[in-house]
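Here's the structure, in structure tokens; my notes come after.
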């Protein structure tokens, strides 16, 4: 039978987890679930902004390049 991990007033290195979305986020294991939701939403917004920026850059590149004709 596996022991259930309980939070304690003494935070050991085993209690600390690094966020999979942002390696700068270091938190206690029992806060991970709530943190993941928050960080996931922020990551989703960041990815959407990056995608929109890339689409805009590609459209600008295509509009600047001369149109080629087959005639």
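The values are calculated or read from the model by the stated rules, or taken from the named source; none is laboratory data. Bear in mind that the values here come from a model prediction, so they are computed numbers and not experimental data. Don't worry about glycine lacking a Cβ; one is built from the backbone with ideal geometry, like all the others, and counts go over all protein chains shown.
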Does residue 33 fit the bill of being loosely packed, with under 10 Cβ neighbours inside 10 Å, over 30 Å from residue 13 (Cα atoms) and at pLDDT below 90? no
| Quick check, is residue 24 surrounded by fewer than 10 Cβ atoms within 10 Å (Cβ to Cβ) and either touching a strand residue (DSSP E or B) at 6+ places or on another chain (Cβ under 8 Å) or at pLDDT 90 or above (or both)? | yes
Pairing a residue in the range 3-28 that is closer than 30 Å to residue 45 by Cβ with any residue that is surrounded by fewer than 10 Cβ atoms within 10 Å (Cβ to Cβ) and modelled with pLDDT under 70, where Cβ atoms lie under 9 Å and the two sit 6 or more apart in sequence or on different chains, gives 15/8
Note on residue 52: of the conditions (1) within 14 Å of the chain's Cα centre (by Cα); (2) at pLDDT 90 or above, unmet is (1)
